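Reviewing the structure listed below.
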2 protein chains.
Amino acid sequence: MTREDGKSGAARMRDVARMAQVSTMTVSRALTDPAKVSPDVRARVAEAVRAVGYVPNKLAGSLSSSRSRIIGLVVPSIENSLFASTVQGISDVLRRHDHQLMIADSGYSMEAEEAAIRAFLEQRVAGLILHDTTHTPAAVEMIRRSGVPVVENGTLVPDPLDMVVSYSNQDASRAMTLHLARLGYRRIGFVSLHAATNARSRDRQLGYRAALEEAGLPFEPALMLEMPGGLASGAEALLRLMEGPVVPDAIFFAGDVLAMGASLECARRGWPVPGKVAIAAFDNFDLLGHLVPPVTTLKLPRLEIGRRSAEVLLDRIQGRASGPLAVDLRFEIIHRAST
Amino acid sequence: MTREDGKSGAARMRDVARMAQVSTMTVSRALTDPAKVSPDVRARVAEAVRAVGYVPNKLAGSLSSSRSRIIGLVVPSIENSLFASTVQGISDVLRRHDHQLMIADSGYSMEAEEAAIRAFLEQRVAGLILHDTTHTPAAVEMIRRSGVPVVENGTLVPDPLDMVVSYSNQDASRAMTLHLARLGYRRIGFVSLHAATNARSRDRQLGYRAALEEAGLPFEPALMLEMPGGLASGAEALLRLMEGPVVPDAIFFAGDVLAMGASLECARRGWPVPGKVAIAAFDNFDLLGHLVPPVTTLKLPRLEIGRRSAEVLLDRIQGRASGPLAVDLRFEIIHRAST
DNA sequence: TTGTAAGCGTTATCAT
DNA sequence: ATGATAACGCTTACAA
């Protein structure tokens, strides 16, 4: 396409201004705050915008106003469906408030997270949402200096950077373990992801041990396992525990799709659940309710975490709130036939 | 924090320049193309950057150079795990090439897609990736005028906007249907999502019917169903077909998690698979291989679609390629015990 | 209600 | 190898 002045390229605000016979400032007002402009001018501007196919340049706008409508999000893994609901929640709220989402993936590495945070700050994002709660010192320093508001939502940390929106992994794990104890199970196995690299797993282990103590059950090291995530890994954990020195009467799988893998392995071997061993899961995958038998699990507020994170961030950005903030969202136990 | 001149706020390039005793232009060169600058200057700039905690402002950079390193992606649903692998693939490649990803969600609506595209163009993205292949006329017009390169990857469309990276939904559906016919099944049911709103489902229906004809099997309208996605929906589809006027000996579930729901329903009812009815799925969810019996399915190049989309887009952006392009990625049939 | 002028923080371009 | 100057396209601040 070609503009009337013969130059090619995208139309700029001054092309619109010229056509509508007003200044660029008036065009700017007509677009961002129509009430500030006379109806006549508003109409002429709208018509000119249409005629030249004007698409505002937000880079220029943001540079000039020192305000952007972009939120940066770092998750450990985009592919992991657990994070997907949270991202969906964030996206829903942002869209309603006319903000954009930039997303990056740390691959569970703090260094990659730091790189992503730097890239976001370079884009002058209006806010950050970080799934993880442990960061490199450099990342923390950059965020501090930038003054950009941040929400963390991996777990309820005691010393947040700024705001936290999550549920308590420790409480949830404790609640499920107590639930099993109350049902009469005495040798409760526990399988999680590696705690050394994962604050969430650490909290879940703490909750498990706290519950054992509370229920007056001894802690058996042989009943606690750390595994990578995945279906096959869940099956393997099941077998290892069942063939170990202390045979559990129930196993709580506090990580990823481990419980699903274990449940399917029981089905393959024809082991009755909970006759041979009871199985409990940590996350509310739809599927857990459709297995045979359906699996007891925790219902975690994944979508809600996303929504609330976006909301508190926007509140802060738009000056409706200030200061640290911790939102402790609630979880539920969904009791099913597997326990 | 406070800068040496007493002003507060983020450090700018001129703060770095002043401290390193060079011009901003030299700082700019030292950062973007270090080879163009003497080793001495390079070191002084690096030191100054560190000292003031300088984070470059890419908004200003992009405005000035008319180049951005942001790619916009629109998917129908962020939450849907099928798209998650593709997003992961895109993200992997972009990170390696120092580009950023903006993501938006159309909720399967063309109008929402148009809004997302407009927002991306306002941010002056360097390229677009659209999962869907049908767009509003306004969206098409905007993209055309902007000159921004685009990749579509929902299905292999005959009339792409620009570039396409996908597999052929029609071929894949045809291949699986023929596979079932070759195994000796004569009354092959077919369940997909609603074709009216989904180009992918349309293509899959076409493939199914083409295969029937090729195999010399009659098309039975009663054997073809359209359902919403979801586990429960798959179970319902199974029951409807099994209780319908023409009882299938095999069912091909060409949508979402429908096959999983159906397989689990068979398990609940104790129906032997494939004794009572054979089941085939369309997508390679990990889980399908772990069900009892494991389910025959198509292995689709989800991750690869993401990677290649990002690659062809970057090739175009960086001037290594031009003109339309269609990448037809390959799928495989994974034969398992359910058929 | 509308306009003018001066930036926002970079990079392109042309000098030296 | 380095620097001066003028954009990039918009908004802020002030003026009329």
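The values are calculated or read from the model by the stated rules, or taken from the named source; none is laboratory data. All values derive from a computational prediction rather than experimental measurement. Virtual Cβ from ideal backbone geometry, glycine too; neighbours counted across all protein chains shown. For the accessible areas, the whole protein counts, side chains as well, though only heavy atoms, and no ligand, DNA or RNA atoms are used. Shrake-Rupley method; radii C 1.70, N 1.55, O 1.52, S 1.80 Å.
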Answer residue from the range B:87-116, given it is more than 7 Å from chain A (Cβ to nearest Cβ) and of a type in the set (S, T, N, Q) and is surrounded by the fewest Cβ atoms within 10 Å (Cβ to Cβ) among those: B:109
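Per-residue answers, yes or no, for (1) over 21 Å from residue B:248 (Cα atoms); (2) crowded, with 19+ Cβ neighbours inside 10 Å; (3) touching a helix residue (DSSP H, G or I) at 6+ places or on another chain (Cβ under 8 Å):
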| site | (1), (2), (3) |
| --- | --- |
| B:174 | no, yes, yes |
| B:180 | no, yes, no |
| B:191 | no, yes, yes |
| B:208 | no, yes, yes |
| B:213 | no, no, no |
| B:234 | no, yes, yes |
Number of the condition not met by residue B:27 [criteria: (1) more than 13 Å from DNA strand C (Cβ to nearest atom); (2) within 28 Å of residue B:124 (Cα to Cα); (3) β-branched (Val, Ile, Thr)]: (1)
Here are B:119, B:126, B:84: which of them is under 23 Å from residue A:10 (Cα atoms) and facing chain A (nearest Cβ under 10 Å)? B:119
Have a look at B:41, B:22 and point out the one that is β-branched (Val, Ile, Thr) and in a helix (DSSP H, G or I). B:41
Count of residues meeting criterion [within 16 Å of DNA strand C (Cβ to nearest atom) and among the β-branched types (Val, Ile, Thr)] in the range A:53-69: 0
Of the residues that make up the range A:101-112, is at least one in contact (Cβ under 8 Å) with a residue 40 or more places away in the chain and hydroxyl-bearing (Ser, Thr, Tyr)? yes
Boolean, residue B:168 is at pLDDT 95 or above, over 18 Å from residue B:220 (Cα atoms) and within 21 Å of the chain's Cα centre (by Cα): yes
So, residue B:313, is that one part of a strand (DSSP E or B) and of a type in the set (A, V, I, L, M, F, W, C) or not? no
Checking residue B:127 against (1) open to solvent by 10 Å² or more (accessible area, probe 1.4 Å); (2) closer than 30 Å to residue A:54 by Cα, which test does it fail? (1)
The range A:40-74, residues that are touching a Leu at 6+ places or on another chain (Cβ under 6 Å) and open to solvent by 40 Å² or more (accessible area, probe 1.4 Å): A:63
Go through the range B:50-105 and give me each residue that's out of contact with any Lys or Arg (no Cβ under 6 Å at 6 or more places or on another chain), more than 30 Å from residue B:284 (Cα to Cα) and not in a loop (DSSP other than H, G, I, E, B). B:50, B:51, B:52, B:58, B:60, B:61, B:62, B:63, B:64, B:65, B:70
Please indicate, with yes or no, whether at least one residue in the range A:306-318 is loosely packed, with under 15 Cβ neighbours inside 10 Å and more than 19 Å from residue A:71 (Cβ to Cβ). no
Go through the residues of the range B:18-25 one by one and say whether even a single one is within 11 Å of chain A (Cβ to nearest Cβ) and either free of Cβ contacts under 8 Å to residues at least 40 places away in the same chain or more than 10 Å from DNA strand D (Cβ to nearest atom) (or both). no
Criterion (within 22 Å of residue A:151 (Cβ to Cβ) and either touching a residue at least 12 places away in the same chain (Cβ under 8 Å) or in contact with a strand residue (DSSP E or B) (Cβ under 6 Å, 6 or more places away or on another chain) (or both)) met by exactly one of A:323, A:306, A:319: A:306
From the list A:258, A:241, pick out the single residue that is buried (at least 21 other Cβ atoms within 10 Å of the Cβ) and within 14 Å of chain B (Cβ to nearest Cβ). A:258
Residue A:240 touching a helix residue (DSSP H, G or I) at 6+ places or on another chain (Cβ under 6 Å) and more than 18 Å from residue A:297 (Cα to Cα): no
